[in-house]
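A.B. asks: This is the structure, below, for whatever I ask next.
The values are calculated or read from the model by the stated rules, or taken from the named source; none is laboratory data. The structure presented is a predicted model; accordingly, all values stated were derived computationally and were not measured. Neighbour counts run over all protein chains shown; Cβ positions are idealised from the backbone, glycine included.
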Amino acid sequence: MAFPLAKSWDVFIAGGGPAGLATAIAARGQGLSVIVADGALAPIDKPCGEGLLPNGVEALRKLGIEIPEGDAYPFRGVRFVDGSTKAEAEFPRGTAYGIRRTHLHRVMVDRAAACGVRMLWQAAVTGLHPEGALVAGELVRARWVVGADGTSSRVRSWAKLDERRGDARSGKNVRFAFRRHYRIAPWSEFMELHWGRECQVYVTPVGREEVCVSLISFDPKLRLREEEALEEFPELWSRLKNAKYASSERGAITVTRQLRRVYRDRTVLVGDASGGVDAITGEGLCLAFQQAALLAKCLAGGELARYQQTHRALLRRPTLMTRLMLFMARHRRARQRVMELFQSHPESFAALLAMHVGEGSARDHLSNGIAMGWELLKA
Ligand SMILES: Cc1cc2nc3c(=O)[nH]c(=O)nc-3n(C[C@H](O)[C@H](O)[C@H](O)COP(=O)(O)OP(=O)(O)OC[C@H]3O[C@@H](n4cnc5c(N)ncnc54)[C@H](O)[C@@H]3O)c2cc1C
């Protein structure tokens, strides 16, 4: 593998998932030379709910990527279902898409190649080096090393960036997920989130004949597999039970984590490697794209302290949403009260969704927060 390794690069990126590729594309836009190494072979699949909310679509567009028609399925809002109580709202602006991870990855790889990013697949990063990073034990020289290697980032631990902010009890912030695709025409123009006793299931339309079903729980023993758990949701189960599988079930963990630092010397983290929010928010991809655009600018200007500061600000709203949704997941009575509020006052749910996708005024968020807080107190 001597060919790209002899050269010295501006940016070396460990991990060619959404965060790594988005950083690569944005860094090329800043005129930097970029090489990406990933241990897997493209197009890479990963357990994911596969929903790209309107702010994520917008962030992707800023990287020069349009979601191709036919590769994705548009949806216009979110529906919460808790037993017989339902609430739904449309996004205030823009369209969201359900898109298979392999399709998203292919589109991003194509864009990266067109931008002149050098990509190495089946090339595991095995360590950091004072002059760059090691790929399968060989040195790749680079001025900056970016860790985009996901939730269990090794770059993060090599660079001693594992220390968390705030609540250090990691077990509390880890959840367990399964994902499977079913061959069935989407029955709604909404992404659905079904609240159960011990888990949540969300359904994203990803094609004209396909939906992606993700199940998330606090259960570390993984007793809740998708089929058994779905029986708790009779309406959903009646739709899915006769549908054919379009993929095998795959598991993953989802971690809510804020790091004390996201860079040390010339190593810097992005995407899930740099901390993240629970999968239930559907925000991971959007955050990764926003962080990538920011990081590229900061690398070009050599301003990693600014990256860290703004990275923290970007995580604030999704972290708040995570707290709210995990509270609803844990406290059934409180959730029922909030769901009743959403059902009887749909504008309240619409305001929450607007906040979720970064729209609406601070005043709206405050008055809606007070109404929800009141219902929670009563519960
Ligand atoms: C069940 C579930 C549902 C989700 N649903 C949604 C959703 O609906 N919408 C949403 O926006 N987000 C969702 N997310 C979050 C989203 O999947 C992540 O935020 C997103 O994948 C982060 O991208 P990333 O590039 O940081 O990490 P990853 O996608 O994990 O990519 C990391 C890459 O690094 C590579 N790698 C790792 N180690 C090495 C190494 N040593 N050397 C080389 N390469 C390496 C891996 O092969 C991988 O390609 C969900 C997550 C889960 C678990």
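A.B. asks: Of the residues Pro47, Pro18, which is buried (at least 17 other Cβ atoms within 10 Å of the Cβ) and in contact with a strand residue (DSSP E or B) (Cβ under 8 Å, 6 or more places away or on another chain)?
C.D. replies: Pro47
A.B. asks: Right, another one. Which members of region 285-324 meet the condition of being touching a residue at least 60 places away in the same chain (Cβ under 8 Å), of a type in the set (A, V, I, L, M) and crowded, with 22+ Cβ neighbours inside 10 Å?
C.D. replies: Leu285, Ala288, Ala292, Leu295, Ala296, Leu299
A.B. asks: Residues Met339, Met355, Met328: which one is outside the structural domain of Arg197 (by TED's automatic domain parsing), touching a His at 6+ places or on another chain (Cβ under 8 Å) and not small (Gly, Ala, Ser)?
C.D. replies: Only one candidate passes the filter, namely Met355.
A.B. asks: Taking region 110-149, which residues are in a helix (DSSP H, G or I) and buried (at least 19 other Cβ atoms within 10 Å of the Cβ)?
C.D. replies: Once the filter is applied, which keeps residues that are in a helix (DSSP H, G or I) and buried (at least 19 other Cβ atoms within 10 Å of the Cβ), region 110-149 yields Arg111, Ala112.
A.B. asks: Output the residue which, of all residues in region 325-336 that are surrounded by fewer than 19 Cβ atoms within 10 Å (Cβ to Cβ) and among the charged types (D, E, K, R), is farthest from the ligand (Cβ to nearest atom).
C.D. replies: Filtering region 325-336 for residues that are surrounded by fewer than 19 Cβ atoms within 10 Å (Cβ to Cβ) and among the charged types (D, E, K, R), the one farthest from the ligand (Cβ to nearest atom) comes out as Arg333.
A.B. asks: Filtering region 312-324 down to residues that are within 16 Å of Val262 (Cβ to Cβ) and in contact with a helix residue (DSSP H, G or I) (Cβ under 6 Å, 6 or more places away or on another chain), which residue is modelled with the highest pLDDT?
C.D. replies: To start, the set of residues in region 312-324 that are within 16 Å of Val262 (Cβ to Cβ) comprises 312-316, 318-319.
Next cut, in contact with a helix residue (DSSP H, G or I) (Cβ under 6 Å, 6 or more places away or on another chain) only: 314, 318.
On the way: Leu314: 95, Pro318: 92.
For region 312-324, the residue satisfying everything is Leu314.
A.B. asks: Find the residue count for region 122-150, including only residues that are out of contact with any helix residue (DSSP H, G or I) (no Cβ under 6 Å at 6 or more places or on another chain) and under 21 Å from Phe289 (Cβ atoms).
C.D. replies: 1
A.B. asks: Quick check on region 81-137: of everything there that is among the charged types (D, E, K, R), in contact with a Ser or Thr (Cβ under 9 Å, 6 or more places away or on another chain) and farther than 19 Å from Gly49 by Cα, which residue is nearest to the ligand (Cβ to nearest atom)?
C.D. replies: Checked region 81-137; the qualifying residue nearest to the ligand (Cβ to nearest atom) is Arg118.
A.B. asks: Within region 275-302, count every residue that is near the ligand (Cβ under 8 Å from one of its atoms) and closer than 14 Å to Ala148 by Cβ.
C.D. replies: 5
A.B. asks: If you don't mind, there's one more thing I want to ask. Do you know which residues across region 55-73 are hydrophobic (A, V, I, L, M, F, W, C) and out of contact with any Gly (no Cβ under 9 Å at 6 or more places or on another chain)?
C.D. replies: Of everything in region 55-73, those that are hydrophobic (A, V, I, L, M, F, W, C) and out of contact with any Gly (no Cβ under 9 Å at 6 or more places or on another chain) turn out to be Ala59, Leu60, Ile65, Ile67.
A.B. asks: Follow-up. Answer yes if at least one residue in region 33-41 is acidic (Asp, Glu) and away from the ligand (no atom under 13 Å from the Cβ), and no otherwise.
C.D. replies: Among the residues of region 33-41, not one is acidic (Asp, Glu) and away from the ligand (no atom under 13 Å from the Cβ), which makes the answer no.
A.B. asks: In region 57-109, which strands (runs of 3 or more DSSP E) lie fully inside it and hold 2 or more residues that are touching a helix residue (DSSP H, G or I) at 6+ places or on another chain (Cβ under 9 Å) and within 19 Å of Val203 (Cβ to Cβ)?
C.D. replies: 77-82, 85-90, 96-99
A.B. asks: Return only the number of the condition from (1) touching a residue at least 60 places away in the same chain (Cβ under 8 Å); (2) in contact with a Cys (Cβ under 8 Å, 6 or more places away or on another chain); (3) not acidic (Asp, Glu) that Arg101 does not satisfy.
C.D. replies: Tallying (1) touching a residue at least 60 places away in the same chain (Cβ under 8 Å); (2) in contact with a Cys (Cβ under 8 Å, 6 or more places away or on another chain); (3) not acidic (Asp, Glu), Arg101 fails exactly one: (1).
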